[in-house]
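The values are calculated or read from the model by the stated rules, or taken from the named source; none is laboratory data. None of these values were measured; they are calculated from a predicted model. All Cβ positions, even for glycine, are placed from backbone atoms using ideal geometry, and neighbour counts span all protein chains on display. We work out accessible area using only protein heavy atoms, side chains counted, and drop any ligands, DNA or RNA first. Shrake-Rupley method; radii C 1.70, N 1.55, O 1.52, S 1.80 Å.
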Amino acid sequence: MAALQASVGAAAVMLEGVWNQPQLLVEKDSLLDGLISSSGKAIKVSEHTYRVTFQDALPGVRSAIQLDAAVNFPTPGSPDWQEGFMQPVSWAVPVGWTELAKLTTASQMLAVAQVVDTTMRNAVEELKLTRDESLCSGDGTGYWGTITAVTAGVGGTYTMSASDFGARLIQKQNNIDIYNGLNYVGTSNVTAVQDQIGGTQLVTVDNAVGAANDVVRFNGLVSGAPTFVYGLPYWNNNSATGTTIGIDRTQAANNYILSNGVAASGSSLTPPLFRLGLDQIKHSIGVQAVKAGRFKMHMAPGQVAQYEQSGLSITNFYRDGMSVGSGFDLLTTEEMKVAGNPFIENIHGNISRVDFLYLDTWAKIRWGDAPFWFNDQGRTIFQQIGTNGQITAVASSFMIDTVQYFVTNPKTQSYISGLPEPVGY
């Protein structure tokens, strides 16, 4: 009697089972940049600095006159004009692959994902994601977060402060620069990120350097004078220190460059804080400037939840026939608003603040048609050259961005700062 074919011997002819719909396991939200892209203006500029002009006064001379006497009329006045100067910033998302990876994943018959096509598409997603993150954290220096503790050395970790961004702006494979103030300490490559809501905000790297209170910045900036995206904390800022596009914020005559702002001072988000911020805008540029629906209230999910809870504490539920009825739901299911202005919930937002954004006054400048694939004589894919001067089987492409953001009238903005981290977030 012939022996039955055992499964061990038949393994050579068996097909390998594989899930052919690989899922993206990381977030790629680019909400804020999308809002500015659809509402703002994009202006191509040369290498010369771009001038942003502001009118901060009407013809202000006022004086009583005498119509029945030979008394001089007052010297006439005129509007007051100010200016600041800025340039785009440039950065890249480099991607690469080998020829074998390209050949062996070129079709659905060979692989569940076409590596080259997926890599190119993902570079675009990474660029949009980085734009959004840098707008949320954009103080102009490439700030990404503050370190509260370091486990130094190979395979070490950075514990990130949860009071603003935690580790939410940092992703696996990012290169991050560590600074002590503006002094460059070193660079680490991120190997893992742990940033679950309510959990320790932890970044594991190839080699951890530095100490507590150092800051993480975007990779590759100029040490000692890092300059990067001008985002929410740069333009929506009422601090009378520092400069904005070269305009001295300490000078009283330059208060036009300061936005409005409400200090929560550790108190939780409530309606009066929103009302005060809107009323500050009214006092700055007039009651007509504040209309229902004109602003976007940008905040992290934790603050949305906090505001929802404040509403529940003053909500009455009426029973009909001793029943709450079908579909009883204590959580908000529709778009949340305040004074008619919709909430914009962004996981990249600073947990301690809410930004009132009037997007009509946001704009951006750029070099070229950013974003774009770096192009050299029609080529966007470049074969790497080896140490002997010959080609290799490795290719790379570079997705380039050259955008910088500005606000044409900071007084149209306001923000709430100093909010506590909601419990569980």
Open item on the list: Just to be sure before I move on: is L269 among the aliphatic types (A, V, I, L, M), over 22 Å from the mean Cα position of the chain (by Cα) and modelled with pLDDT of 90 or more in the structure I sent?
Closed with: no
- [ ] Would you mind finding the one in S188, S163, S137 that is within 29 Å of F85 (Cα to Cα) and of a type in the set (G, A, S)?
- [x] S137
Task: Subset of the stretch 366-399 [crowded, with 19+ Cβ neighbours inside 10 Å, among the hydrophobic types (A, V, I, L, M, F, W, C) and either in contact with a Phe, Trp or Tyr (Cβ under 8 Å, 6 or more places away or on another chain) or not in a loop (DSSP other than H, G, I, E, B) (or both)] - done: M399
Task: Single residue of the stretch 256-275 satisfying the filter (of a type in the set (A, V, I, L, M) and open to solvent by less than 50 Å² (accessible area, probe 1.4 Å)) that is farthest from L312 (Cα to Cα) - done: I257
Task: Failed condition for W97, given (1) more than 30 Å from T243 (Cβ to Cβ); (2) open to solvent by 50 Å² or more (accessible area, probe 1.4 Å); (3) assigned to a strand (DSSP E or B); (4) modelled with pLDDT under 80 - done: (2)
Task: Residue selected from the stretch 282-295 under the condition open to solvent by 60 Å² or more (accessible area, probe 1.4 Å) and closer than 27 Å to I347 by Cβ, by the criterion modelled with the lowest pLDDT - done: A292
- [ ] List every residue pair whose Cβ atoms lie under 7 Å apart, where the two residues are 6 or more positions apart in sequence or sit on different chains, the first residue falls within the stretch 296-322 and is in a strand (DSSP E or B), and the second residue, located anywhere, is at pLDDT below 85 and open to solvent by less than 60 Å² (accessible area, probe 1.4 Å).
- [x] K296/L35; H298/L32
